[in-house]
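Working notes for the structure below.
The values are calculated or read from the model by the stated rules, or taken from the named source; none is laboratory data. What you are looking at is a predicted structure, and each value in this text was computed from that prediction instead of being measured. Cβ sites come from the backbone with ideal geometry, for glycine too, and all protein chains shown count toward neighbours. Each accessible area value is taken on the protein alone, full model and side chains, heavy atoms only, with ligands, DNA and RNA left out. Shrake-Rupley method; radii C 1.70, N 1.55, O 1.52, S 1.80 Å.
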Amino acid sequence: MLVGKRMSKSPATVTPEDYLANARAKMQEGNFRRLPVVKDGQLVGIVTDRDLRQHMGYLERTKVNAAMTEALITVTPQTTLEEAAQVMLKHKVGGLPVVEDGKLVGIITTSDILQAFLDVMGATETGSARIDLLLEGEGHNLGSASKIMAENGGEILGVGTYRDKWDDSSVCYLRLRANEPDRLAELLKAEGFSVLGVHA
């Protein structure tokens, strides 16, 4: 999934010549924690709520260019969400301006990435459940587990695998819509799967 599909387009901005009081008003009105700083259509900086806190008492007299960060970390609309998340973690920031051909086209935040993660996993579907199981032994793969679910009334919304860092085993999760997820888990156990848990 790409940043361009999940970013907030045409974000609120300020100019370097705006006062921090104006930036704070925009942040409060939109419930933002950061604002891109744009001059002549080009992204030149970013100002955050942390920057504002450092100038409290002087917001009406301090311009944005005195507080903004100019060493920008940006992504493009074609950046994957995984890459954007890694950049945020590495630099310990909660949002990134999205730039294309030198122009600001959006902003992507940790909230956007978390929402995408939940959507991909099917976790935003009402009445869904997740079954976690180990993929070990002959015939115990994602395809056979999915087939058992589908044949027994489980509508699969999302599937995936990950490697458990504690014991290096391959864990599979099945997100499904089903009236009796515990019954489906028992069917998997009967077929020799190691079911780790059912999460409604």
- Message: Just to check I understand the Karplus step: with θ = phi - 60° and J = 6.51 cos²θ - 1.76 cosθ + 1.60, what whole-Hz values come out for segment 22-35, glycine and proline as x?
- Response: 5, 4, 4, 4, 5, 5, 5, 5, x, 6, 9, 10, 7, 9
- Message: Between segment 1-46 and segment 57-74, how far is it from one alpha carbon centroid to the other, in angstrom?
- Response: 12
- Mind checking segment 1-109 for GluC sites (Glu not before Pro) that DSSP puts in a loop (not H, G, I, E or B) and that have at most 16 other Cβ atoms within 10 Å? 17, 60, 70
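On the protein heavy atoms, probe 1.4 angstrom, tell me the percent of accessible surface of segment 1-149 carried by carbon and sulfur.
Details: 4190 of 8440 Å².
Whole-percent figure for carbon plus sulfur exposure: 50.
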- Query: Can you give the helix-only mean residue ellipticity at 222 nm for the chain, where every DSSP H stretch with n ≥ 4 adds -39500 (n - 2.57) and the sum goes over all residues, rounded to the nearest 500 deg cm²/dmol?
  - Reply: -9000 deg cm²/dmol
- At a Förster radius of 41 Å, what calculated FRET efficiency corresponds to the Cβ-Cβ distance of residue 134 and residue 60, to the nearest 0.05? 0.10
- Nonlocal Lys pairs with alpha-carbon distance under 16 Å, the chain (8 or more apart, or different chains): 5
- Which ³J(HN,Hα) values, rounded to whole Hz and listed in residue order, are derived for segment 143-160 from phi using the Karplus coefficients 6.51, -1.76 and 1.60 in 6.51 cos²θ - 1.76 cosθ + 1.60 with θ = phi - 60°, glycine and proline given as x? x, 5, 5, 5, 5, 4, 4, 5, 6, 10, x, x, 8, 7, 9, x, 9, x
- Per residue accessible area in Å² of the chain, where ligands, DNA and RNA are left out and the probe is 1.4 Å: 58
- Item | Extension reserve of the residue 93-residue 2 stretch, reckoned as 0.36 nm per residue once the Cα distance is removed | 30.9 nm
- Message: If packing is taken as the average number of other Cβ atoms within 10 Å across a peptide's residues, how do 104-117, 125-138 rank, most packed first?
- Response: 104-117, 125-138
- Which whole number in µm²/s is D for segment 13-98 by Stokes-Einstein, with the Kirkwood Rh taken over Cα pairs at 20 °C and 1.002 mPa s? 160
- In sequence order, calculated HN-Hα J values of segment 122-139 (Karplus, 6.51, -1.76, 1.60; Hz; x Gly/Pro): x, 6, 8, 6, 5, x, 8, 9, 10, 10, 9, 8, 8, 9, 9, x, 5, x
- Query: Around residue 195, what is the net charge, scoring Lys/Arg as +1 and Asp/Glu as -1 over all other residues with Cβ under 13 Å from its Cβ?
  - Reply: -2
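Over the Cα atoms of the chain, Rg to Rh with Kirkwood Rh, two decimal places?
On the way: Rg = 23.0 Å, Rh = 19.7 Å.
Taking Rh as the inverse mean 1/r over Cα pairs, Rg/Rh reads 1.17.
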- Query: Once amide H atoms are placed 1.01 Å from N in the peptide plane, what residues at a sequence separation of 5 or more from residue 104, or on another chain, have their amide H within under 5 Å of its amide H?
  - Reply: 43
